[in-house]
Amino acid sequence: MATATEVKKRTVRINGCVASAQAAKYADVDVIAAYPIRPYTATMMALAQMVANGELDAEYIVADSEHSQLSISHGASSSGARVFTGSSGVGVQFAYELYSPISGSRMPVQMMIADRTLDPPGDFGSEHTDALSTRDMGWLMGWACDAQEAFDNHLMAYRIGEDPRVLLPQMVCQDGFFVSHITSDVELPDSGQVKEFLPPYKHPYPLDPRHPVSHGPQIMPEQGPPLQLERARAMEGAVAVIEEVHDEFAKIFGRRYDPWVEEYMTDDADVVFFLQGGHAVTARFAIKHMRDNGLKVGMVRLRTIRPYPTDRVNEVLSKFKVVGVIETNMGLGSVSSGGVLYGEVCAALYESQHKPLVLSFMAGMGGEAIVLDEFYWMAKKMTEAQKRGKIEKRTHWVGFEE
Amino acid sequence: MAYTELTVWTRGIIMDKEGRDIVNSISASARLEGKYAQAMENYVDNPDRTNCPTRKYCRVSDTVIENELTYENEKPNIIVLVEGTMVKGWDYMRGMPPGGTLVINTHYTPEYILRFVPGAERLAQLVCVDAAKIADHKWLYYRLGELGLDRLSTEGAAERNKSIAPDIAAPLIAAVVKTTGIVKLATIEPMIANKHAFKLALEELHIMPLHPVAA
């Protein structure tokens, strides 16, 4: 095994889209199913060039829609191929029918998502609603906050999803623009490291005329419950594998991620932001400035939402007095009448002996950047709630209130 | 200058590469000089259409850039118009703090072109450079077929020409760097493909000093 110092390192300046394409290349994918929609398109453009230049030996199939993209992915994965696909916004929705069949037949397809708002407003900006609306379809799911993390997540997701104890598809998500189109330094690994970390994909029961098996046949109602239970257990069983894989990733590549949450300046914090994805970058600056002014504020960034780390969220968030959930998604008529993360946070905290106050912030909607002043405003609402000992209301729309 | 914003206005698709080359090369040079720098395209302008106005941005800072995720330059100190006729029709000067620089690719003189500039009272200098002539820029007339194959709405991914500033971007970069000092000429010159046009432009700038007042 090569040590970190023996490993030849190469740092390039690329954006999240290209980082995802690079990850697919390093994972040596067999089949790529493409259909363009901004902002993830740049990933497929980069992959098309890699295939054309002979850097990557893969079947590059241009589908006629996202529904076909996922159908191709399903079939290719069933035959034993390592598959890479992706989409954004309404494209994610158009493929919806395929999400349950793919996880139901336990095919570890990987889908890159660069978030885009749904219609309305249908602009190019990032809201997490596109991917989050599929969160209970049996796909592993989590968000990166920068291009390096996106690259790393792709490799780890393949390793986790293809583990025979898991065999589940993965949505590897990044914010449109904030991650997909912002360039930063990405350390590309040595291909030997990747070979060591990610063995070739081998499905235990691929479709093969020499060894006939059936995938996804029509079944009788009494066969339904055990099938569903198995899928649920695969998701639960993924928890241990996710932790193992993150450990091994750190050993081989030298970057250690907490698989579930990133805690930033939380040691003595009273109030914390709870969020997913790219806005964490600005949150860290905001927190530093507020700390300089004596405010005990921190951040907890959720890295994996499926499987949801209920106990971990409970344990982490119980330490604080106020939690401000930054949604970046639409949960119309949901628990808080704001976004869907609020419900996930509160459910995890229900069994806690030390429940913090929980506020939900609708910020960054339509893909607007959440600027420093907005983080200060949210922190003010949180400290006011702390002083008052109760919340004023569950959901605040940032930018629409005093 | 502790923090500088550069905004390039260009024409969609056919002149996208020129705009992109300007912000990318300046940002890369600033990083080589140990500064913090960022280059990006206006996310909302893309995917663009042929000839529609599109913006490219560059930020150079002595300290870490905290507004990295803000998708537009709100207070550009330097503005570049890659194509001369963009000088009138809309307010590309909005947000410029007093003391800014405007660089235009045009064969007209600053004395003539100044009348079309909105909010010109904020400018410390107006710089005109005949980039098309200096770069011997014939493709627009003689190589349209080739251009049609090379310039696609793919945010640069499908362009066959991988060199930086082979055409009119070279004189424009020379104009920006010489008149603003945003990076050093010696740092950026090795990156530029059309070195002849880059050097020629340094001698052929038309610089009009102005006296900025608060907007």
Please turn the phi angles of the stretch B:159-165 into ³J(HN,Hα) values with the Karplus equation 6.51 cos²θ - 1.76 cosθ + 1.60 (θ = phi - 60°), one per residue in order, whole Hz, x for glycine and proline. 6, 7, 7, 8, 6, 8, 6
Going highest first, how would you order A:273-280, A:113-120 by mean Cβ packing within 10 Å? A:273-280, A:113-120
Taking Cα centroids, how far is the stretch B:72-128 from the stretch A:359-394 in Å? 39 Å
Give me the inter-chain shielding for A:274-281: mean count of other chain Cβ atoms within 10 Å, whole number please. 1
Between A:GLU248 and A:LEU227, what is the spin-label point distance in nm, taking each point 7 Å from the Cα along the Cα→C-beta axis? 3.0 nm
Once the Cα gyration tensor of the stretch B:3-209 is found, what semi-axes does its equivalent ellipsoid get, as square roots of 5 times the eigenvalues, in whole Å, sorted largest first? 22, 20, 18
Taking the chain alone as reference and the full protein assembly as comparison, with a 1.4 Å probe on protein heavy atoms only, the residues of the stretch A:150-198 that lose at least 20 Å² of accessible area are A:PHE177, A:PHE178, A:HIS181, A:ILE182, A:THR183
For the stretch B:175-180, in order, what is each residue's ³J(HN,Hα) by Karplus, 6.51 cos²θ - 1.76 cosθ + 1.60 with θ = phi - 60°, in whole Hz (x at glycine and Pro)? 5, 5, 5, 5, 8, 10
Size of the B/A contact, given as accessible area buried on both chains, probe 1.4 Å, in Å²: 2000 Å²
Can you work out D for chain A in µm² s⁻¹ from Stokes-Einstein, where Rh is the Kirkwood radius over C-alpha pairs, the temperature is 10 °C and the viscosity is 1.306 mPa s? 73 µm²/s
Considering only protein heavy atoms and a probe of 1.4 Å, how much of the accessible area of the protein assembly as shown is carbon and sulfur, as a whole percent? 54 percent
Residue among B:THR85, B:THR109, B:THR101 with the largest mean-square fluctuation in a Gaussian network model of chain B, springs linking Cα atoms under 10 Å: B:THR85
Give me the one-decimal Kirkwood hydrodynamic radius in Å for the stretch A:246-402, with the sum taken over alpha-carbon pairs. 15.8 Å
Please report how far the C-alpha centroid of the stretch A:180-206 lies from that of the stretch A:264-308, rounded to the nearest whole angstrom. 29 Å
Check: the stretch A:261-397 dipole with +1 on Lys, Arg Cβ and -1 on Asp, Glu Cβ, in debye: 240 debye
For B:120-132, A:339-351, A:256-268, ranked highest to lowest by mean beta-carbon neighbours within 10 Å, the order is B:120-132, A:339-351, A:256-268
Stretch A:GLU384-A:ASN53 to full length: gain in nm at 0.36 nm per residue minus the Cα-Cα span? 113.4 nm
Probe 1.4 Å, protein heavy atoms only - accessible area per residue of the protein assembly as shown in square angstrom: 41 Å²
Along the positive direction of the dipole of the stretch A:10-253 (beta-carbon charges: Lys, Arg +1; Asp, Glu -1; about the Cα centre), which of A:GLY75, A:MET111, A:LEU140 reaches farthest? A:GLY75
Can you tell me the 0 to 90 degree angle between the C-alpha axis of helix A:66-78 and the longest principal axis of chain A, rounded to 10? 60 degrees
Per-residue Cβ counts within 10 Å, from other chains only, averaged over A:122-129: what number is that? 2
For chain B, set up a Gaussian network in which alpha carbons nearer than 10 Å are linked by springs, and say which option among B:ASN77, B:ASN161, B:ASN105 fluctuates the most. B:ASN161
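The values are calculated or read from the model by the stated rules, or taken from the named source; none is laboratory data. Here the structure is a predicted model, which means the values were calculated and not measured. Don't worry about glycine lacking a Cβ; one is built from the backbone with ideal geometry, like all the others, and counts go over all protein chains shown. All accessible areas refer to the heavy atoms of the entire protein, side chains included, with ligands and DNA or RNA removed. Shrake-Rupley method; radii C 1.70, N 1.55, O 1.52, S 1.80 Å.
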